[in-house]
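Presented below is the structure to which this report refers.
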Amino acid sequence: MSEVWPTELRVSKDRHRLVVTFNDGASFDLSAETLRVLSPSAEVQGHGPGQRVTVPGKRNVQIISVQPTGNYAVRIGFDDFHDTGIFTWNYLRELGEKGAELFAGYEQELVEKGMSRDKAEKPR
């Protein structure tokens, strides 16, 4: 079992944020957009090295469900019907600690591919 685990998972009233508080007191406010575009799902990450895709048009995505998955993770569902990402406690912690850096990389990928956070189109 992971050394870190959440003591609270709270979706904001507007469904655009997930606050995760861990057993060591660390707390992170994660945007739904970050969670969606950095989802650990095979749809986003691919099935092997170099297969990850950039998912555009998710600026206003909302969280519609947070389902426990065993004692180690949650499955987060979004209003665009994406719900295959299983977010382990360690991955949620990583997103909390490195989310700004990871999201900046995502934004750079959008620029490089001529895509937008606002315009939905096929991921590539």
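Observations, loosely collected:
- Per-residue ellipticity at 222 nm from helix content only, as computed over the chain with -39500 (n - 2.57) for each DSSP H run of at least four residues, stands at -8500 deg cm²/dmol.
- GluC sites (Glu not before Pro) lying in DSSP loop within the range 1-34, provided at most 14 other Cβ fall within 10 Å: GLU3
- Each residue, GLN108 and ASP14, gets one label point 7 Å from its Cα in the Cβ direction; the gap between the two is 2.9 nm.
- 14 Å beta-carbon shell around ALA26, net charge (K/R +1, D/E -1): -4
- GNM flexibility winner over the chain from PRO40, PRO56, PRO68 (Cα, springs under 10 Å): PRO68
- Note on the chain: with neighbouring protein chains present and a 1.4 Å probe, carbon and sulfur make up 50 percent of its accessible heavy-atom surface.
- Simple spin-label estimate for GLN45 and ALA26 in nanometres, 7 Å along Cα-Cβ: 1.8 nm
- Low-density loop positions, chymotrypsin sites (Phe, Trp or Tyr not before Pro), the range 23-124 - DSSP coil, at most 15 other Cβ in 10 Å: TYR72, PHE81
- Taken along the Cα-to-beta-carbon direction at a fixed 7 Å, the label points for TRP5 and GLN67 span 2.1 nm.
- For the range 1-53, the list of trypsin sites (Lys or Arg not before Pro) that fall in a loop by DSSP and count at most 12 other C-beta atoms within 10 angstrom reads LYS13.
- Residues whose amide H comes within less than 5 Å of that of GLY77, counting only those at least five positions distant or on another chain, are ILE64, SER65, VAL66, GLN67 (H built at 1.01 Å from N in the peptide plane).
- Above-threshold pairs, the threshold being 22 Å between Cα atoms, out of LYS13/LYS58; LYS13/LYS113; LYS13/LYS119: LYS13/LYS113; LYS13/LYS119
The values are calculated or read from the model by the stated rules, or taken from the named source; none is laboratory data. Worth saying up front: this structure is predicted, and the values here are computed from it rather than measured. So basically every Cβ, Gly included, is an ideal-geometry build from the backbone, and we count neighbours across all protein chains shown. Surface areas here come from the heavy atoms of the whole protein model, side chains and all, with no ligands, DNA or RNA. Shrake-Rupley method; radii C 1.70, N 1.55, O 1.52, S 1.80 Å.
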